[in-house]
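Below is one structure, written out as structure tokens; the observations come after it.
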Amino acid sequence: MSLSPRVMLTPDVTATRLGFGCGGLMRLGSRSARERLLACAFESGIAHFDVARMYGLGQAEAELGRFVRARRSEVTIATKFGIEPRRSVSSLARLQGPVRTVLARWPALRGAVKRRGDALDAPRQYDARTARRSLEASLAQVGTEYFDILFVHGARHSDDVRVAELCEFAEEAKREGKIRSWGVSSEDTSGASLVNAFGREAVLQTRYDIFSSLGPAAGDGRPLILFGILASALSYLTGCIAADQRASKRFAELCEARATSLADYLLLDALYARENAVVLVSTTQPARVTRAAEVARTMNRTYLDEFRAALKDTRVLSL
Ligand SMILES: NC(=O)c1ccc[n+]([C@@H]2O[C@H](COP(=O)([O-])OP(=O)(O)OC[C@H]3O[C@@H](n4cnc5c(N)ncnc54)[C@H](OP(=O)(O)O)[C@@H]3O)[C@@H](O)[C@H]2O)c1
């Protein structure tokens with residue numbers, strides 16, 4: 001059975017099965033390279049874009065906006081509120097290309113910067129006033145009249161989330177035509193419990209890969225978007241396979257016979273994890289976007305079954 005190219009997430013939002021995550025967009029150093037990447041996604045049939053106030057230190061929304069302005073009715077856009085680009089670093093936004101290059105070369109320095117950032121991460125407040133202010137800023141940055149989805153971004157158990165006033169805010173923003181739907185985008189189980197409080201039509205955007213499983217909040221017809229399907233699973237899988245000669249041979253043969261890669265299979269797994277979910281891909285390389293679209297179009301469950309059988313036979317993963 002082949003995959004449907006679009007899914008109806010909510011009565012008001014139908015999106016392409018593959019979405020493009022703009023979390024790493026500003027890692028590309030030039031505007032023309034970023035535009036080429038977005039164009040490559042769109043031309044490959046990916047017409048859902050995921051962004052956030054904080055991506056690219058506050059610059060990614062405007063960058064996406066420049067690209068989608070001429071094709072707004074042909075795409076769906078999700079943005080998020082609740083995590084603002086830190087004031088101290090947003091002033092460095094224009095320098096982020098060189099700064100990221102330096103951090104990429106010195107992992108120890110990158111770790112220290114991240115640890116310092118985490119330590120400063122005080123409990124956050126998610127209330128109607130913050131949500132409204134952030135939504136208006138996002139609308140202005142992207143240069144659009146509406147978002148298809150507005151997410152509560154990364155709320156943790158320790159944060160102060162004003163559920164009742166946020167529900168009221170979302171209904172009002174919908175009536176004003178500023179959002180078409182809303183939901184929760186989260187790394188962990190806090191998102192799952194929150195989305196239930198927001199009602200049946202709230203969209204859950206959650207981390208998933210072949211080594212994890214989707215919790216109960218992702219079931220029962222819940223509109224679902226999956227992210228984080230690749231990077232950490234790929235490095236773990238590659239390590240496991242490399243450590244075992246029999247597994248190395250088996251996966252090399254499989255990938256050669258099928259002209260595929262491990263990354264293809266991880267994407268395929270996510271696409272079949274829930275057939276009515278949108279799956280986000282995120283890369284800085286146009287060829288990888290094109291390939292992801294090709295995987296979604298041409299590979300089917302038979303490929304996935306073969307891959308899972310190889311994982312089981314070689315005991316890389318007990319499924
Ligand atoms: N809490 C939240 O709401 C939240 C959190 C995290 C992410 N997100 C969203 O989800 C998106 C994806 O998340 P993610 O970046 O964590 O996860 P991901 O898709 O698992 O990983 C992306 C990374 O994988 C690499 N990659 C892509 N295609 C590849 C391929 N074919 N082979 C090898 N490596 C490949 C990319 O590097 P290259 O650039 O070198 O290709 C990139 O660094 C983000 O952009 C963002 O939109 C949301």
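A few notes on this one:
- Gly111 falls short on exactly one of the conditions (1) at pLDDT 95 or above; (2) assigned to a helix (DSSP H, G or I), and that condition is (1).
- Segments classed as strands (runs of 3 or more DSSP E), wholly inside segment 1-76, with at least 2 members that are within 11 Å of the ligand (Cβ to nearest atom): 18-21, 48-50
- Checking Arg100, Arg66 one by one, the residue that is basic (Lys, Arg) and either modelled with pLDDT under 95 or buried (at least 16 other Cβ atoms within 10 Å of the Cβ) (or both) is Arg100 and no other.
- Restricting segment 138-188 to residues that are out of contact with any strand residue (DSSP E or B) (no Cβ under 8 Å at 6 or more places or on another chain) and at positive phi, the residue that is surrounded by the fewest Cβ atoms within 10 Å (Cβ to Cβ): Gly177
- Where Ser185 falls short, out of the listed (1) away from the ligand (no atom under 11 Å from the Cβ); (2) outside any helix (DSSP H, G or I); (3) out of contact with any helix residue (DSSP H, G or I) (no Cβ under 6 Å at 6 or more places or on another chain): (1)
- Residue list for segment 296-307, filter: within 16 Å of the ligand (Cβ to nearest atom) and among the β-branched types (Val, Ile, Thr): Thr298
- Within segment 205-227, residues that are within 14 Å of Leu267 (Cα to Cα) have Cβ atoms under 8 Å from residues that are of a type in the set (D, E, K, R) and part of a loop (DSSP other than H, G, I, E, B) in these pairs: Arg207/Glu187; Arg207/Asp188; Leu226/Arg274, counting only partners at least 6 apart in sequence or on another chain.
- Residue within segment 224-231 that is within 9 Å of the ligand (Cβ to nearest atom), in contact with a Leu (Cβ under 7 Å, 6 or more places away or on another chain) and modelled with pLDDT under 90 present: no
- Which listed residue is in contact with a helix residue (DSSP H, G or I) (Cβ under 9 Å, 6 or more places away or on another chain) and closer than 14 Å to Leu3 by Cβ, from Ala263, Ala277, Ala287: Ala277
- Options Arg53, Arg34, Arg72, Arg17; residue that is in contact (Cβ under 8 Å) with a residue 12 or more places away in the chain, under 26 Å from Leu271 (Cα atoms) and in contact with a Pro (Cβ under 8 Å, 6 or more places away or on another chain): Arg17
- When Ala277, Ala293, Ala310, Ala270 are checked against the criterion of being hydrophobic (A, V, I, L, M, F, W, C), buried (at least 16 other Cβ atoms within 10 Å of the Cβ), more than 14 Å from the ligand (Cβ to nearest atom) and touching a residue at least 40 places away in the same chain (Cβ under 8 Å), a single residue qualifies: Ala310.
- Per-region count, segment 4-27, residues surrounded by 20 or more Cβ atoms within 10 Å (Cβ to Cβ) and either touching a helix residue (DSSP H, G or I) at 6+ places or on another chain (Cβ under 7 Å) or β-branched (Val, Ile, Thr) (or both): 9
- Scanning segment 194-216 for residues that are in a helix (DSSP H, G or I) and more than 15 Å from the ligand (Cβ to nearest atom) yields Asn196, Ala197, Pro216.
- Only a single criterion out of (1) touching a strand residue (DSSP E or B) at 6+ places or on another chain (Cβ under 8 Å); (2) at pLDDT 95 or above; (3) not charged (D, E, K, R) is not satisfied by Asn276, namely (2).
The values are calculated or read from the model by the stated rules, or taken from the named source; none is laboratory data. Keep in mind that this is a model prediction, so the values were computed, not measured. Glycine also receives a Cβ, built like all others from the backbone with ideal geometry; neighbour counts cover every protein chain displayed.
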